[in-house]
RNA sequence: GCCCCCAUCGUCCAGCGGCCCAGGACGCCGCCCUUUCAAGGCGGUAACGGGGAUUCGAAUUCCCCUGGGGGCACCA
């Protein structure tokens, strides 16, 4: 196999989504496994849908995950001249033709075709205009797009690395637009030109792009490109209910996972296991281990449902694998964001040490240490707390004992034992445990109140 | 409507013709540990969508059906 060159080419129309992140990860894994190059190419040809902050955000998320790239980011929006030249050449050679239909006309005819139970999509209206007709249409001030002339017969086929032979009849693929009226290229053109020029050897992307491959390949061929890259289409990631993964299923943007206190190791690990598995069945693996075990052959064909519970478990595993120092480094930024200048480092560290063995996410752990770092009046009392207190006898007295004792000492989780004073006051410690947690932590359960060894 | 892809426990995967009355992980249930909740240990529950065909033998091959997903833009 020649030197591997792959690229991750997101459209910056939003922050990095778990589906795209998985695609980026698989490209990274494939490149690193084979000692090849991994490029980052930003497909921002549609200026109306892209934003600078998203191209920055995508890179931030990739760095957070630990997916470093070798070249880029290459912005397609800055390569217009290249696509322009390619399009002119294609037009001259008759592979492209000018189309003067307006979007409204297109939609109207497409709807009509649909109503007549015929194929919607472009009808070839401007396919064979005479030079005079083109001149007149242009003179009317109509928008001018460039369309690719699709073969009239035969089939397009290619061997997908994970799906095998894929084939579709050209008759089902209408002529498609490749250059907008403003001269900017559409995905198909920019994609074909770039993959060719950048020497991409393998295209690893989501299955949603499977059908578009035929068009990109035809364009590449028209461009004079030989030896097209090998394509590998990944199964899609679905929501827990098997519908399209979206916000209503919970967090979907990498930033959200980061802010909720998920570890990048866990997210990578979980994402890698969504649609892939190593031969030996290992599950908890770091990026290097996954890299050396990675192979496209291990990629599944069926789309996978995103399971937040398994991610949570995975994250707990990773929190426990980190040294306390490492965990502290990861948690500090989140703690600063949550507690601001009330962050007491000593208490934070103690809570982290005690919480590490029970945590699911750093975010949840931080929530549990609220009572240590937030002023009493600002402490948010957990919903279930009041019910717990209400069900306990001598609540007021209990609170008094707790307050009185805490007033006598510098409070730390392990340095203060509330049991003796409670016993002395006639409480059965075992019976008042739930209420005790509410009294001290503002929640029915949380960080251990005293050394329970 | 048309085209394409896919199909093993609730979920993620293993299985690539006999080793499978199907294995692991998450979840769930139970027990142990425990002066909260967890974490941890042990055990359990649970699946080859349906129908044909090939074969001595099919979860594994082929066909049909059904189901799920994707695509059919001047988005990518």
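Quick rundown of the values:
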quantity	calculated
Residue A:41 buried (at least 21 other Cβ atoms within 10 Å of the Cβ), closer than 25 Å to residue A:269 by Cβ and in contact (Cβ under 8 Å) with a residue 40 or more places away in the chain	no
Any hit, segment A:286-293, residues being within 12 Å of RNA strand B (Cβ to nearest atom) and touching a residue at least 24 places away in the same chain (Cβ under 8 Å)	no
Failed condition for residue A:171, given (1) at negative phi; (2) out of contact with any helix residue (DSSP H, G or I) (no Cβ under 7 Å at 6 or more places or on another chain); (3) more than 10 Å from RNA strand B (Cβ to nearest atom)	(3)
Of all residues making up segment A:81-114, the number that are part of a helix (DSSP H, G or I), more than 12 Å from RNA strand B (Cβ to nearest atom) and modelled with pLDDT of 95 or more	11
Members of segment A:226-243 found to be modelled with pLDDT of 90 or more, more than 10 Å from RNA strand B (Cβ to nearest atom), surrounded by fewer than 19 Cβ atoms within 10 Å (Cβ to Cβ) and over 13 Å from residue A:214 (Cα atoms), listed by number	A:227
Residues located in segment A:177-190, provided they are in contact (Cβ under 8 Å) with a residue 40 or more places away in the chain and more than 6 Å from RNA strand B (Cβ to nearest atom)	A:178, A:179, A:183, A:184, A:185, A:188, A:189, A:190
Residue within segment A:30-44 that is assigned to a loop (DSSP other than H, G, I, E, B) and either out of contact with any helix residue (DSSP H, G or I) (no Cβ under 9 Å at 6 or more places or on another chain) or more than 18 Å from residue A:71 (Cβ to Cβ) (or both) present	yes
Residue check, residue A:365 touching a strand residue (DSSP E or B) at 6+ places or on another chain (Cβ under 8 Å), within 12 Å of RNA strand B (Cβ to nearest atom) and at pLDDT 90 or above	no
Cβ pairs under 8 Å, 6+ apart, first in segment A:298-325 and at pLDDT 95 or above, second assigned to a helix (DSSP H, G or I) and within 7 Å of RNA strand B (Cβ to nearest atom)	A:303/A:207
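The values are calculated or read from the model by the stated rules, or taken from the named source; none is laboratory data. From a predicted model like this one, the values you see are computed outputs, not experimental measurements. Methodologically, a virtual Cβ is constructed for each residue, glycine included, from the backbone with ideal geometry; neighbour enumeration extends over all protein chains shown.
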